[in-house]
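The structure appears right after this line, and notes come after that.
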Amino acid sequence: MTGNENNKNPQGPKHKRNLTRRKVVVAGGAAVAAVGGATALAMSANASEPGKGVGANGVGANRKATASASASAGAVCYKLTSETTEGPYYIDADKLRQDITEDKEGIPLTLQLKVIDSETCKPVPNAAVDVWHCDALGLYSGYESFSQGGGGGTPPTDAPTGTPPTDAPSGTPTGEPPAGGGGGGHEEPTSDTRYLRGTWRTDKQGNVTFRTIFPGWYQGRCVHIHTKVHVNGEWTDAGYEGGTTCHTGQLFFDEDTVTRTESVEPYSTSTTTRTTLTEDTIYDQSGTTGGLLKLKYDKNSIARGVVASLTMGVDPDTTNEGTG
């Protein structure tokens, strides 16, 4: 990454299958200092969630030896968060930042994640957490050319030309990848945009916070956010290097909340038929274990903003890249 948040590299970063050499490029010591200064935005996960207030040493050679009594008896103190596919729109650690909004319009969303070891219930500090999602009209940065989105406005300048199929409703995406962005192989970026993507470091309590907007929806998928957790790497003056991906998942929103967003612009301009949470082929219907977020907002005015939180139970000793 460079100091320019817009990152106008016309080629875009190449997707890396071998994450043992994964690297976030940071511009000089100032950006590294920003990583260490995350406390201004870092916020604790919901106090009612398991794992709140435990010690800070979540990884290391003595992890098994220091497990809780229940874990040593053969049980786990927290269920593993469901693993899912990374989808075709992942771009490897392109932006080291907490505010990923850029100039995108939508309902403000504060995303608070807590990463814990599912066996010991101890926080996992210094992990690199990626999040990425579509905008209010269903477009992913770097991949606008795959569809024209789901709503009003002018299609992207790099959108495919030509006349849509005669049986396709106006405004409905015509070029979605397999499984509506939830499955299929990885696609290389077709533009240099990088809005609504970011990577940040968990603090000593395993917490990380992102500022973004409430995602929209597109053909075949319910409203969701993608995430990855990388561990055992090293934060250096060049960024985050090495390590493995211990979790690849997706975060989901309850139907009542999503329905409330439909009357707020620009979501209200979408002409795409929305897939509900129960209809989605990726969400496993298991609640918080499956990535269902806990949401807080003013029910009389959701446009003012939403706070979403979740504790993610991971196994730091396991690799889950979500590409299989």
query = In whole angstrom, how far apart do the alpha carbon centroids of the range 194-269 and the range 286-324 sit?
reply = 8 Å
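Could you grab the relative contact order for the range 196-261? Cα pairs under 8 Å, six or more apart, rounded to a whole percent. Provide the component values of the computation, followed by the final result.
Values: 60 pairs, mean separation 16.6, N = 66.
Relative contact order comes out at 25 percent.
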Exposure of R211 as accessible area (Å², to 10), given a probe of 1.4 Å and all protein chains = 70 Å²
task = Could you pull the accessible area for K79 with a 1.4 Å probe, rounded to 10 Å²?
result = 140 Å²
Listed peptides 187-194, 112-119, 316-323 by packing density, highest first (mean Cβ within 10 Å) = 112-119, 187-194, 316-323
key: Relative contact order of the range 188-324, pairs being alpha-carbon contacts under 8 Å that are 6 or more residues apart, as %   = 24 percent
query = Given the alpha-carbon gyration tensor of the range 231-324, what are the semi-axes of its equivalent ellipsoid in whole angstrom, ordered largest first, with each equal to the square root of 5 times an eigenvalue?
reply = 32, 17, 14
Local electrostatic count at Y297 - Lys and Arg +1, Asp and Glu -1, tallied over other residues with Cβ under 10 Å = +3
message = Filter K104/K228; K122/K299; K79/K294 down to the pairs with a C-alpha to C-alpha distance above 28 Å, please.
response = K122/K299
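The values are calculated or read from the model by the stated rules, or taken from the named source; none is laboratory data. Just so it is clear, the structure is predicted and the values come from calculations on it, not from any experiment. Note that each Cβ is placed from the backbone with ideal geometry, even for glycine, and that neighbours are counted across all protein chains shown. The accessibility values were calculated without ligands, DNA or RNA, using every heavy atom of the protein model including side chains. Shrake-Rupley method; radii C 1.70, N 1.55, O 1.52, S 1.80 Å.
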